[in-house]
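The values are calculated or read from the model by the stated rules, or taken from the named source; none is laboratory data. Here the structure is a predicted model, which means the values were calculated and not measured. Cβ: placed from backbone, ideal geometry, glycine included. Neighbour counts: every protein chain shown. Quick note on the areas: whole protein, heavy atoms, side chains included, nothing else; ligands and nucleic acids left out. Shrake-Rupley method; radii C 1.70, N 1.55, O 1.52, S 1.80 Å.
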Amino acid sequence: MGRRDMARLPDPISRVLQERGWLLADGATGTNLFNMGLVSGDAPEFWNENHPDRIRALYQGAVNVGVDLFLTNSFGSNAARLRLHGAQTRARELARISAEIAREVADRAGRNVIVAGSMGPTGELIEPLGQLSFSSAVEILAEQADGLVAGGVDLIWVETMSALEELAAAREAIGATGVPWCATMSFDTAGRTMMGVTEADLVTAVHGSDPLPLAAGANCGLGAPDLLRTVLGFVDAGMTCPIIAKANAGIPRFRHGKIRYDASVETMANYAVLARDCGASIIGGCCGTTATHLDAMRVALERTGPSERPGLEKITSQLGEFVGRLPDAPADADQMKSERSIRRRKRKRHSGQSDVN
């Protein structure tokens with residue numbers, strides 16, 4: 001079924017959730033591209049033009065293992081980030097190409113597959129904390145959104161946000177397109193985003209949004225246990241829209257000269273089931289999550305029926321200990337070191353370097 005046929009149905013996410021109750025989203029983009037040869041410091045978005053076969057293979061790998069939704073390779077396709085590579089005038093074009101390749105893959109899948117246009121942070125702070133005005137942020141993100149829509153996305157997926165102001169700018173930029181949207185923030189600092197946003201803050205922002213997102217939640221962060229604790233926080237805060245859970249495949253470790261994520265296939269399968277039982281209905285992975293992980297996650301969701309909401313003890317018994325602290329909770333030296341290491345990697349993403357999801 002092509003995009004025109006899908007337009008006659010309810011919004012694409014609701015359609016899947018009505019049929020099955022959960023939706024499998026894709027895994028990592030950046031870390032999988034590094035495995036294909038992307039060099040640290042290069043903009044992944046250039047591969048949309050220079051290596052379309054590899055981008056097509058990335059998308060196809062997710063489709064082959066049964067995802068219902070995958071993101072385009074356009075996380076940093078905005079003028080602010082691309083300025084670091086002298087390509088600020090190409091933001092719309094590179095976003096469009098990423099979406100066109102995705103549309104081609106999805107339309108040949110032989111089943112309904114949702115193309116979600118990835119939109120990450122600009123890498124700049126909005127006034128008064130930074131020098132970027134709100135109107136300029138809207139303009140930058142609107143250009144990216146326009147390219148994604150021109151390329152044929154079904155919706156726009158705002159991800160890895162830390163500031164509510166930038167989330168609001170993205171919402172305004174997308175609103176002008178008339179295309180539906182989803183939103184995730186990254187909670188990696190004592191239960192908050194880097195800019196201090198709590199789960200309850202995001203719930204309040206989502207409920208006050210116009211247009212409302214189709215779904216909202218969390219991605220990236222400190223690993224699966226911490227992300228599921230955040231999902232529980234969304235539920236407790238009264239999130240009314242479908243909740244997104246896209247956890248990293250463990251935490252990054254430096255091995256043999258490369259960054260590797262340490263979650264096993266079995267761990268990510270357990271995470272998927274626990275995410276559903278915690279209250280998430282759109283479940284995928286972020287950094288380090290491969291097609292092999294996704295395949296196991298799909299099988300686990302299909303074979304394991306819903307269960308009661310897990311407590312924190314069950315989450316840690318199946319997935320490992322929490323990396324981050326709750327607000328005001330004490331932490332030992334090793335825990336603080338791990339938190340600092342992951343936050344440094346996140347700052348690279350927000351500053352426009354290619355260490356992306």
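Tell me the helices (runs of 4 or more DSSP H) entirely within segment 7-92 that contain at least 2 residues that are open to solvent by 10 Å² or more (accessible area, probe 1.4 Å) and charged (D, E, K, R).
Where helices (runs of 4 or more DSSP H) fall fully within segment 7-92 and carry at least 2 residues being open to solvent by 10 Å² or more (accessible area, probe 1.4 Å) and charged (D, E, K, R), they are 12-20, 52-64.
Could you give me the residue pairs with C-beta distances under 7 Å whose first residue belongs to segment 149-164 and is farther than 17 Å from GLY221 by Cα, whose second residue is assigned to a strand (DSSP E or B) and of a type in the set (Phe, Trp, Tyr) wherever it lies, and which are 6+ apart or on separate chains?
LEU155/TRP181; ILE156/TRP181
Is it the case, given these coordinates, that ASP188 is closer than 24 Å to SER209 by Cβ, of a type outside the set (Ser, Thr, Tyr) and either buried (at least 24 other Cβ atoms within 10 Å of the Cβ) or within 16 Å of the chain's Cα centre (by Cα) (or both)?
Against the criterion (closer than 24 Å to SER209 by Cβ, of a type outside the set (Ser, Thr, Tyr) and either buried (at least 24 other Cβ atoms within 10 Å of the Cβ) or within 16 Å of the chain's Cα centre (by Cα) (or both)), ASP188 qualifies.
ALA116 fails exactly one of the following numbered conditions: (1) modelled with pLDDT of 95 or more; (2) not in a strand (DSSP E or B). What is the number of that condition?
(2)
Consider only pairs whose beta carbons are under 8 Å apart and that are at least six residues apart or on different chains; among these, list those whose first residue lies in segment 183-202 and is without any contact (Cβ under 8 Å) to a residue 12 or more places away in the chain and whose second residue is of a type outside the set (A, V, I, L, M) and open to solvent by 30 Å² or more (accessible area, probe 1.4 Å).
Taking only residues 6 or more apart or on different chains, the pairs are GLY196/THR189.
Cβ-Cβ under 8 Å, sequence separation 6+ or interchain: first residue in segment 276-288 and over 18 Å from VAL235 (Cβ atoms) and at pLDDT 95 or above, partner in a strand (DSSP E or B) and open to solvent by 10 Å² or more (accessible area, probe 1.4 Å). Which pairs?
Matching pairs, first to second residue: CYS287/PRO252; CYS287/TYR261; GLY288/PRO252; GLY288/ARG260; GLY288/TYR261.
Scan (1) in contact (Cβ under 8 Å) with a residue 60 or more places away in the chain; (2) under 27 Å from ALA280 (Cα atoms); (3) among the acidic types (Asp, Glu) for the single condition ASP42 breaks and write down its number.
Failed condition: (2).
Within segment 210-325, which strands (runs of 3 or more DSSP E) (wholly inside it) include 1 or more residues that are open to solvent by less than 20 Å² (accessible area, probe 1.4 Å)? Before you say what the answer is, go through the steps one by one.
Values: elements: 215-220, 243-247, 252-255, 258-261, 280-285.
Here the list reads 215-220, 243-247, 280-285.
Mind listing whichever residues of segment 196-209 are part of a helix (DSSP H, G or I), open to solvent by 40 Å² or more (accessible area, probe 1.4 Å) and farther than 10 Å from MET185 by Cβ?
ALA200, THR204, HIS207
Name the single residue, out of those in segment 134-167 being part of a helix (DSSP H, G or I) and under 17 Å from the mean Cα position of the chain (by Cα), that is surrounded by the fewest Cβ atoms within 10 Å (Cβ to Cβ).
LEU164
When you check ILE174 against the structure, is it of a type in the set (Val, Ile, Thr), within 27 Å of LEU58 (Cα to Cα), outside any loop (DSSP other than H, G, I, E, B) and within 17 Å of the chain's Cα centre (by Cα), yes or no?
Yes, satisfied.
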